[in-house]
1. Picking from G14, W32, T89, whose Cα lies most toward the positive end of the charge dipole for the chain (charges on Cβ: Lys, Arg +1; Asp, Glu -1)?
2. Want the number for E83 to W115: 0.36 nm per residue separation, take away the alpha-carbon distance, what's left?
3. Once the other residues with Cβ under 13 Å from the Cβ of K34 are scored (Lys, Arg +1; Asp, Glu -1), what is the net sum?
4. Tell me the net charge near L54. Cut-off is 11 Å between Cβ atoms, L54 excluded, with +1 for each Lys or Arg and -1 for each Asp or Glu.
5. Output the relative contact order of the chain, whole-number percent, from Cα pairs under 8 angstrom with separation of 6+ residues.
6. What net charge is computed for the residues neighbouring T89, neighbours being all others with C-beta under 13 Å from the C-beta of T89, Lys and Arg scored +1, Asp and Glu -1?
7. Given a cut-off of under 8 Å on Cα pairs at least six residues apart, what relative contact order in percent is computed for the range 1-61?
8. Roughly what % of DSSP beta bridges within the range 2-115 run antiparallel, to the nearest 5?
Amino acid sequence: MSYPVYIIDLGGEGYTILFPEGKVDLDHCDFWEKTVARIVARHFGLPVGDLLNLPYCQRRARVSGKVVYYGEKTNRKLLKLIEKAVGETGLRFVYEGHETRLEFDVQEFSALRLWS
């Protein structure tokens with residue numbers, strides 16, 4: 001079983017962990033376009049159309065079995081947050097460069113927030 005996870009920073013103290021209902025195996029871009037972009041757009045008061053092509057602007061991972069493939073700096077607190085959100089225990093991080101945010105997407109998202 002493999003499924004995408006988004007680790008969204010909506011402000012505040014922690015992150016919001018989003019994953020497909022039923023933990024279905026989806027492409028990150030499909031999950032972003034169908035679900036995550038709409039949540040982020042609503043939270044920040046942005047037009048969803050402006051976010052659809054920015055699937056790498058937020059932290060993301062892929063859970064496969066007991067492995068969380070992730071391309072950013074890891075820490076135990078984040079792993080525990082993911083475990084709690086997805087209802088799993090005994091997960092471990094494995095670095096995967098494909099899961100790294102793209103600087104262009106991060107900058108575009110930041111610019112959209114500044115101009116809104």
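1. T89
2. Result for the pair: 8.0 nm of gain on full extension.
3. -3
4. That sum, taken over residues with Cβ under 11 Å, equals -3.
5. The normalised contact order for the chain reaches 27 percent.
6. +2
7. Relative contact order of the range 1-61: 39 percent.
8. Bridges in the range 2-115 that DSSP calls antiparallel: roughly 75 percent.
A short reminder: the numbers here are calculations on the coordinates, not readings from a lab. Because the structure is predicted, anything quoted here is derived from the model rather than measured. Ideal geometry is used to build each Cβ from the backbone, glycine not excepted, and the neighbour counts take in all protein chains shown.
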